[in-house]
Every structure is written in structure tokens, then in C-alpha cells.
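First the structure, in the form of C-alpha cells, and then the observations on it.
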Amino acid sequence: MQLDDIVPWGRSFDEYVAMFDLTADDLGKRILGCGDGPAAFNAHARARGARVISVDPIYAWPAGRIHERIRAVRPIIESELRREPERCLWERFRDVDDLIETRLGAMDRFLADYAGGHGGQAYVAAQLPQLPFPGGVFDLALVSHLLFTYSKHLSADAHRKAVAELMRVSGEVRLFPLLTLAGTESEHLPAVIDLC
């Protein structure tokens, strides 16, 4: 996949559970979702009693503007998926249409939660590498489809600083995937491993 910019494209609670191998014990921890964008994980997890805060610069926007941005990037995402569907693993979704429908449903769930007054409590407008939290306030930090995915957009130094900041605020950090948008291993992975 080729994208000119980092785009808001959210994933479902079930996808987060699978991507990060989340257990019931994990969901009982203080969780930071960093770069979550319009993902439904926060809304679903909190509905189950989890303590989750999501951080993304997009949360400075009202729900309507986020929805407009989602509508603007949808054709780009859909076109990229249809261009080379064989590059995707179709274990979770039947086809591109099923994937798009699931993701739009997840983003609708986010938008309803965000617009419903939870924005100031559960969604914080901020971005790596400077998070507005004291050290060690979270047990688990999750970063989905930001670091490594956007390796052409974010430098090795940006990756190192981001992971150092995540380690400052959380006892454990899980990143997914470790691949770029092109599906190759990120060239920034060794620099981050050295940091750990």
C-alpha cells in the first residue's frame, strides 16, 4: 500500500485483541492506545469496564471533521486494497468489501462514543514523542499501524523517541505491525530494538 500521509483508519475491538494478543488480564490493566485514530477499541473496552485512554492528534478535531476525513480517505484505502488484494491475508475478512464494512462499522462506533461526550475523558489530543502523562501511569501501551507502518513518513530518530516516550509512561509496550505499508520489515526496527 502507498499513502502520501498518515490517514485515520480505525480498527475494531476484536482486531486489537488479535493484533496485541490481549487477554482478560491485559484488559484489566491501565491501557494507553497511542495513535488510535478512529479505532473502536477504546469504546468497546471501556464498555467492558476497561481503563483506556487513547491519544492521537486527530482528537483536537470535532467528530464531524473526523468523519469528513474518514470519508475522504476511504476511496484511497479501498483503491489500494483492490489494486493488490493478494497482498492481504484474508483470514479475518471474506474480501475487500467485508473489510471496508467492518472498518467503517468500527469507525462509526468510535464516532458515536467520541461525539457522545467521552472525548475529553477517554480521547486525548496529543502525539508522540511528547505525551501529557506522568511516568509509569499506564501498565500497557498499544500502538496500532503507526510506528514501523509509516517508516517512510517517520524517521528512525522519530521511532526511537516515540518508543522511549512510550516506555516512560508505560510498563509494557506492544507495537503492531513491524512491517511497512509495503509489507516489508521496517528499516527502523534495529534502532528501536537497540533502544530496548
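The values are calculated or read from the model by the stated rules, or taken from the named source; none is laboratory data. Quantities reported herein were computed from a predicted structural model and do not represent experimental measurements. Don't worry about glycine lacking a Cβ; one is built from the backbone with ideal geometry, like all the others, and counts go over all protein chains shown.
Report yes if T184 is polar (S, T, N, Q), free of Cβ contacts under 8 Å to residues at least 24 places away in the same chain, within 23 Å of E84 (Cα to Cα) and surrounded by fewer than 20 Cβ atoms within 10 Å (Cβ to Cβ), otherwise no.
It is true that T184 is polar (S, T, N, Q), free of Cβ contacts under 8 Å to residues at least 24 places away in the same chain, within 23 Å of E84 (Cα to Cα) and surrounded by fewer than 20 Cβ atoms within 10 Å (Cβ to Cβ).
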Item checked: In segment 70-90, residue surrounded by the fewest Cβ atoms within 10 Å (Cβ to Cβ) [restricted to those that are outside any loop (DSSP other than H, G, I, E, B) and of a type in the set (D, E, K, R)] -> E86
Checklist line | Residues that are hydrophobic (A, V, I, L, M, F, W, C) and either closer than 28 Å to T23 by Cα or in a strand (DSSP E or B) (or both), drawn from segment 180-194 | finding: L181, L189, V192, I193
Note to self: I'm trying to understand the selection: among the residues of segment 17-26, which are over 15 Å from the mean Cα position of the chain (by Cα) and either closer than 18 Å to Y123 by Cβ or of a type in the set (G, A, S) (or both)?
What the structure shows: A24
Next item on the list: Filter segment 61-90 down to residues that are aromatic (F, W, Y) and at pLDDT below 90, then give me how many there are.
Entry: 1
Check: Can you name the residue in segment 34-51 that is farther than 17 Å from A18 by Cβ and not small (G, A, S) and, of all such residues, is nearest to the chain's Cα centre (by Cα)?
Finding: C34
Next item on the list: Could you grab me the full set of residues in segment 54-69 that are over 30 Å from D139 (Cβ atoms) and assigned to a helix (DSSP H, G or I)?
Entry: G64, R65, H67, E68, R69
Margin query: As an exercise: evaluate Y123 against (1) under 26 Å from G64 (Cβ atoms); (2) surrounded by fewer than 21 Cβ atoms within 10 Å (Cβ to Cβ) and give the number of the one condition it does not meet.
Written below: (2)
Next item on the list: State which residue is modelled with the highest pLDDT when the search covers only segment 1-21 and only residues that are assigned to a loop (DSSP other than H, G, I, E, B) and aliphatic (A, V, I, L, M).
Entry: V7
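From the list S12, S54, which one is closer than 29 Å to P134 by Cα and out of contact with any Ser or Thr (no Cβ under 8 Å at 6 or more places or on another chain)? Outline the logic, then answer.
Details: S12 fails: out of contact with any Ser or Thr (no Cβ under 8 Å at 6 or more places or on another chain).
The match here is S54.
Counting just the residues of segment 22-53 that are in a loop (DSSP other than H, G, I, E, B) and small (G, A, S), which one comes out farthest from A106 (Cα to Cα)? Step through it out loud before you land on a result.
To start, the set of residues in segment 22-53 that are in a loop (DSSP other than H, G, I, E, B) comprises 22-23, 28-29, 35-40, 48-50.
Okay, now just the ones that are also small (G, A, S), so 28, 35, 37, 39-40, 49-50.
On the way: G28: 22, G35: 15, G37: 11, A39: 6, A40: 5, G49: 18, A50: 18 Å.
Only one residue fits best here, namely G28.
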